[in-house]
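Values quoted throughout were computed directly from the atomic coordinates according to the rules given, and no laboratory measurement underlies them. Everything numeric in this text was worked out from a predicted model, so none of it was measured. So basically every Cβ, Gly included, is an ideal-geometry build from the backbone, and we count neighbours across all protein chains shown.
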Amino acid sequence: MRIRRMLTATIAAGLAVGALAGCTSGGQPDGGGEGADGATALDMWVFAELHGQVYEEMAEKWNEENPDKAVDLNITVYPYQDMHDKLLLAVNSGQGLPDLADIEVGKFANFVKGSNPPLADLTEAAAPYADDIVQARLDLYSRDGKIYGYPTHVGAFVAFYNTELLEAAGVDYTTIKTWDDFAAAGTAYNQATDKAFSVASTGVFFTEPLAIAQNGGQLFEDDGLGAPAVNSPEVVETMQMFQDMKESGALSTIPGGSPDSEEAFGAINSGDYAAIVYPAWYTSRYVDYMPDLAGKIAIAPAPQIEGSEVLTIGGGGTGTAVMAASENKELASDFLAYTKLSLEANVAVWEVLGFDPVNMSVWEDEAVTHNPDNKFNQYFQTNLFDVLNSVKDGIGHFESFSNENLPTVDNQFRTVTLNEIYENGTPAEEALDQAQETVQNELGQ
């Protein structure tokens, strides 16, 4: 088994299909055939090297437990956009495909359009594990009752508070329960310190869908499954709430456009922001990129809309898929189910990546979740799983994340609408009406 990193900068939109065809022949994936020691060779594409390390570890365990079905996993790590562009070109040409691939949730809809997706149906392989998996995350990568991708984490939204900064400003994070509380605390902190409390992202449309879901809204009609409805009353109300927080000083824009950027890590690490509402996988960003904050950050439930049954939703994600054209589709599917859904795999997801596992049985295993030697437990003041277990009955499924037109809507918010609302001060309703018109025109609706 090996991990190979490709350092290409970008793949031009007009890249010749012949360049991809040179990777293999006959329209078959690069994998197939016999690997080391008689194992079946499987090629896998990923865009995060840490994911590759987990897959490599799980391949070794799979081979120990299944010597008669051993795999020789060859992992290639591409830059994020390059990998998705290359995979889409390979799917369209039917040549140069891997056996398995990580597909980011915002790109997944591009690969499951139509009645005959190029991804294998993984429903049967998931059956031994399905009862322990958060259903909302399986639903995210399912279409018409078939599972086409396995999730990497729940990505439940939580709040990260810098208690050192807040205490110095007289703000008690434990009193923050609702978005109204969050707004009041943020305004008070900003007035006391003249510094930013939390983040209004302009480059990623991420935290706002949490509150839209809590408000009972979607980004599309028919409970998230239909045509775009980005100017619905629920979306307008939510975006107005965030715009009000920006204008009151509770939210501020951030270098890099989102908390999950290199520029932002430096700013947060320096104490320029006191609160981040983001998915649970953001624990890894603190530990890896913000060492100066070790011991200063408390994890708490995300702010809520009073009276809402939705306490949190999953944000972000990676659906790992098997290509329907793989010569070893059945083996790849069984291996992938073990690698993504089994108890062993989900323990590794927490211990190596710091992500909240989709296998809920891990959440109940305190030997794992409260291990004092775990680097994530050592970093944070509070335990992530104590927080997750307090909201697990309120994990909602934001159906809009599964809509095939999400990439178009997401691009509109990231490139235009968020800047209009947060930077230019365009009234939220006006900006959303503009967004609705633009998206409808792009989709020909």
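Numbers for the structure displayed
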{"read-out": "Point-charge dipole on Cβ atoms (K/R +1, D/E -1) for the chain, about Cα centre, debye to 20", "value": "740 debye"}
{"read-out": "Proxy reagent accessibility, fewest Cβ within 10 Å first, across Leu138, Leu331, Leu87", "value": "Leu331, Leu138, Leu87"}
{"read-out": "Pairwise label distance in nanometres, Asp288 with Lys375, each label 7 Å out on the Cα-Cβ vector", "value": "1.0 nm"}
{"read-out": "Counting all C-alpha pairs of segment 297-398, share separated by more than 21 Å (%)", "value": "46 percent"}
{"read-out": "Rg/Rg_ref, the chain, where Rg_ref = 2.2 N^0.38 Å and atoms are Cα", "value": "0.98"}
{"read-out": "Helix-only CD estimate at 222 nm, as mean residue ellipticity for the chain, using -39500 (n - 2.57) per DSSP H run (n ≥ 4)", "value": "-11000 deg cm²/dmol"}
{"read-out": "For segment 271-330 and segment 187-259, distance of Cα centres in Å", "value": "17 Å"}
{"read-out": "Neighbour-count ranking [beta-carbon atoms within 10 angstrom, fewest first] of Arg137, Arg4", "value": "Arg4, Arg137"}
{"read-out": "Packing-based exposure ordering (other Cβ within 10 Å, fewest first) of Asp393, Asp433", "value": "Asp393, Asp433"}
